[in-house]
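A short write-up of the structure that comes next.
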Amino acid sequence: MLRAPRSTLSLMVALALGIAALLPSPQAWSQEAPHGMVSIYHVAPGKHLEFLRWNAARDAASVEAGIGPTQWYAHLDGDSWDYVGISPATTEAQDNQVDAILKRNRLTTGFKASLEFRTMITSHTDTYAIGPTTAAALIDSAK
């Protein structure tokens, strides 16, 4: 069936654009190059608005902490995912700052937040990515 390649290509383009928009100019692969987190979500039936509201509150805390919001992509056609989120990788200090803001706003954190989150999804994946970069820069770094 022709849908799979189209949906895979669409997801790859969305991920590439999201990472490129979040991170600075192209760099070769190195420990100093920026890292991002790419997350793919399958939301439980009937939980889409709850999922989006839950994440919007956490995006607001990230913005207040100076990190910035996750960039969200919503599924339109093709593969089975519902949302893709692309965010900068954070430090422990940044995570603690966001948690303090969430607690101040009486929102869940830690394991309780993890359990709450899992009531809204059927599955998700998180992947650290490096970039943006170019194929040529990656080839150069492999030499």
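Scanning segment 45-63 for residues that are acidic (Asp, Glu) and surrounded by 15 or more Cβ atoms within 10 Å (Cβ to Cβ) yields one hit, Asp59.
Checked against (1) surrounded by 12 or more Cβ atoms within 10 Å (Cβ to Cβ); (2) closer than 25 Å to Lys47 by Cα; (3) small (Gly, Ala, Ser), Ala137 passes all but a single condition, namely (2). In this structure, is Ile101 surrounded by 13 or more Cβ atoms within 10 Å (Cβ to Cβ) and of a type in the set (A, V, I, L, M)? The answer is yes for Ile101.
Condition check ((1) modelled with pLDDT of 95 or more; (2) within 30 Å of Ser141 (Cβ to Cβ); (3) of a type outside the set (Gly, Ala, Ser)) across all residues:
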| residue | (1), (2), (3) |
| --- | --- |
| Lys47 | yes, no, yes |
| Ala57 | yes, no, no |
| Tyr73 | yes, yes, yes |
| Ile86 | no, yes, yes |
| Gln94 | yes, yes, yes |
| Val98 | yes, no, yes |
| Asn105 | yes, no, yes |
| Gly110 | yes, no, no |
| Thr119 | yes, no, yes |
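Scoring Ala89 on the criteria (1) crowded, with 17+ Cβ neighbours inside 10 Å; (2) in contact with a Phe, Trp or Tyr (Cβ under 8 Å, 6 or more places away or on another chain) leaves a single failure, condition (1).
Residues considered: Ala74, Ala129. Of these, the only one that is in contact with a strand residue (DSSP E or B) (Cβ under 8 Å, 6 or more places away or on another chain), in contact (Cβ under 8 Å) with a residue 24 or more places away in the chain and among the aliphatic types (A, V, I, L, M) is Ala129. Considering segment 30-44, and only residues there that are in contact with a Ser or Thr (Cβ under 8 Å, 6 or more places away or on another chain) and in a loop (DSSP other than H, G, I, E, B), the residue that is surrounded by the fewest Cβ atoms within 10 Å (Cβ to Cβ) turns out to be Ser30.
The values are calculated or read from the model by the stated rules, or taken from the named source; none is laboratory data. A quick note: this is a predicted structure, and the numbers were derived from the prediction, not measured. We place every Cβ from the backbone using ideal geometry, glycine too, and count neighbours over all the protein chains shown.
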